[in-house]
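Here is the structure we will look at, set down as structure tokens.
The values are calculated or read from the model by the stated rules, or taken from the named source; none is laboratory data. Here the structure is a predicted model, which means the values were calculated and not measured. For neighbour counting, all protein chains shown are included, and Cβ atoms are generated from backbone atoms with ideal geometry for every residue, glycine included. SASA here: full protein model, heavy atoms, side chains in, ligands and nucleic acids out. Shrake-Rupley method; radii C 1.70, N 1.55, O 1.52, S 1.80 Å.
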Amino acid sequence: EKGTYDYFMMKEIDEQPFVMRKIIQQYQDESNNIKVEQVVRDEMAKADRIYIIAAGTSYNAGLVGKQIIENVAGIPVEVHIASEFSYNMPLLSEKPLFIFISQSGETADSRSVLVKTQAMGHPSITVTNVPGSTLSREADYTLPLYAGPEIAVASTKAYTAQIAVLTILAVDTAKAKGKTLTFDPLQELAIVANAMETLTDKKDVFEQMALDLFKDTRNAFYIGRGVDYYVVQEASLKLKEISYIQAEGFAGGELKHGTIALIEEGTPVIAIATQENVNLSIRGNVQEVAARGANTCTVSMEGLEKDEDRVVLPHVHPLLTPLVSVVPMQLLAYYAAVQRGCDVDKPRNLAKSVTVE
Ligand code: M6R
């Protein structure tokens with residue numbers, strides 16, 4: 001039930017800190033160690049390459065998952081759009097492992113890939129919010145998200161839950177492979193949960209910001225580098241899907257190769273800057289668009305902030321910043337949609353799960 005909320009989407013945005021805590025609890029044993037089935041651990045340790053298959057927001061979570069798994073577990077990861085992979089399969093490695101990410105577990109494009117890779121004899125794991133769903137039943141193993149039902153068509157808490165579960169899986173694999181770890185994921189996810197809360201507690205700031213950025217605009221751009229580039233792809237999908245503003249997420253460095261031609265007086269450009277190694281260069285990109293009249297908004301993180309930043313996120317582990325930086329993006333999209341009188345939970349032309357290819 002929606003309770004006092006106007007829309008499920010806001011309720012689900014607000015639930016994210018609780019979902020983080022629930023995941024920590026579910027994936028931890030009595031001695032506070034990570035709890036993942038031994039068979040899943042073995043499959044991960046055996047794989048020479050992981051293929052993440054998903055659609056929409058789950059695909060965007062997969063991009064972040066790739067960054068985390070490669071960094072932490074040291075296994076190469078490819079992320080593929082299910083509908084593309086299904087009919088244009090790339091050359092596979094010798095020991096591939098398929099991870100299907102799907103909130104609903106019912107996405108036909110992903111299932112089509114599962115059917116084909118299973119026929120080829122490859123192992124599969126489904127990361128889903130609905131144990132018992134088609135993808136969960138048909139894959140070899142399931143990692144549940146524990147996010148509770150997601151009703152709004154626009155996915156929010158499933159995205160952050162997917163990243164959290166992939167983080168836990170990555171760390172578990174790293175341990176199984178005898179790697180020395182520099183962080184405790186359960187502790188870091190608890191810090192993330194608190195950071196999310198400080199943002200959802202400041203909704204009026206984002207409501208005002210949405211008005212300033214999107215009131216009279218037909219389009220909007222998001223930019224980022226590294227893992228922030230992955231988050232801006234999710235940010236733009238969210239805005240498009242519920243507010244119908246044409247939006248795109250770009251790699252900051254690509255702007256000068258074409259996209260910057262689209263910048264006019266007042267064009268909103270939202271930048272995410274949470275990564276130290278690209279902090280200077282993304283800020284350079286913001287200056288380039290500001291000099292051409294863009295209405296810029298930089299979202300940075302404590303420790304990397306500058307005076308002009310409109311949002312400074314609480315500090316979290318650098319690999320986990322997407323879990324926090326996405327929250328302002330969800331809130332901005334929500335308010336842009338409300339301010340335009342859109343039906344936030346049921347955007348036009350869309351269904352919650354896409355069960356046709
Ligand atoms: O249930 P799934 O995660 O497989 O769904 C995939 C996409 O259809 C879904 O993420 C879609 O892009 C959302 N409406 C985005 O908010």
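The figures follow:
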quantity	calculated
Candidate residues I263, I125: accessible-area rank, largest first, probe 1.4 Å	I263, I125
Interchain or long-range residues, amide H under 5 Å from T126's placed H	F100, Y141, T142, L143
In order through the range 88-98: 3J(HN,Hα) via Karplus (6.51 cos²θ - 1.76 cosθ + 1.60), integer Hz, x for Gly, Pro	9, 5, x, 5, 9, 6, 5, 10, x, 10, 9
Long-range tail of P(r) for the range 70-220 (Cα pairs > 18 Å, %)	68
The range 243-313, relative contact order [Cα under 8 Å, separation at least 6], %	31
Overall Cα dimensions of the range 82-156, principal axis frame, Å, largest first	37, 22, 16
Viscosity 1.306 mPa s, 10 °C: Kirkwood-radius Stokes-Einstein D of the range 200-356 over Cα pairs, µm²/s	101
Helix runs (DSSP H) in the chain reaching 20 Å along axis by Cα, Kyte-Doolittle at least 1.0	321-339
Solvent exposure of the chain as accessible area per residue, Å², 1.4 Å probe	41
Segments 212-218, 145-151, 108-114 sorted - mean Cβ within 10 Å per residue, highest first	108-114, 145-151, 212-218
Prolate/oblate/rounded call for the range 297-340, Cα gyration tensor, a/c under 1.5 rounded	oblate
Rel. contact order, % - alpha carbon contacts under 8 angstrom, at least six apart, the chain	19
Debye log10 I(q)/I(0) at q = 0.13, 0.16 Å⁻¹ for the chain, Cα point scatterers	-1.01, -1.48
Two-site label geometry, V115 and L280: point separation in nm, points 7 Å out along Cα→Cβ	5.3
